[in-house]
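First comes the structure, then the notes that go with it.
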Amino acid sequence: MKLRNSNDRKFFKIEALVDQTCSQISYSNVDIPGDPVLQNWHTMEFQIQEQTYRLTLGGGADIEANRFTKVAQ
């Protein structure tokens, strides 16, 4: 995952999400369906090898993983 902090370090933007072969992975915003912009503490959903995962990121000066869960199928 490639992240970029804003100049004031209050927000970050996800620039890329890739798998182990560096292939682009698409993701969606769980909190605001249809909105491609993820802000602090929004949850993203993505698939890796046909498994669905959800990841919540948040932070100010530091970015931390708050929740990372495998979604039951």
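Just so you know, all these numbers are worked out from the coordinates, no wet-lab data involved. For clarity, every value in this text was computed on a predicted model and none was experimentally measured. Counting neighbours? That spans all protein chains shown, and the Cβs are built from the backbone with ideal geometry, glycine included.
Quick rundown of the values:
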{"item": "Charge context of D35, other residues only, Cβ under 14 angstrom, K/R +1, D/E -1", "result": "-1"}
{"item": "Local electrostatic count at I14 - Lys and Arg +1, Asp and Glu -1, tallied over other residues with Cβ under 10 Å", "result": "+2"}
{"item": "Amide hydrogen neighbours beyond the local backbone of H42, cut-off 5 Å, H modeled", "result": "L57"}
{"item": "Mean Cβ neighbour count within 10 Å, used as a protection proxy, ranking 45-51, 19-25 highest first", "result": "45-51, 19-25"}
{"item": "Net charge of Cβ neighbours under 15 Å - reference K2; Lys, Arg +1; Asp, Glu -1", "result": "0"}
{"item": "Phi to ³J(HN,Hα) by Karplus 6.51 cos²θ - 1.76 cosθ + 1.60 over region 3-8, Hz, x for Gly, Pro", "result": "10, 10, 7, 6, 4, 8"}
{"item": "Neighbour-limited loop hits for trypsin sites (Lys or Arg not before Pro), region 9-52 (at most 14 other Cβ within 10 Å; DSSP other than H, G, I, E, B)", "result": "R9, K10"}
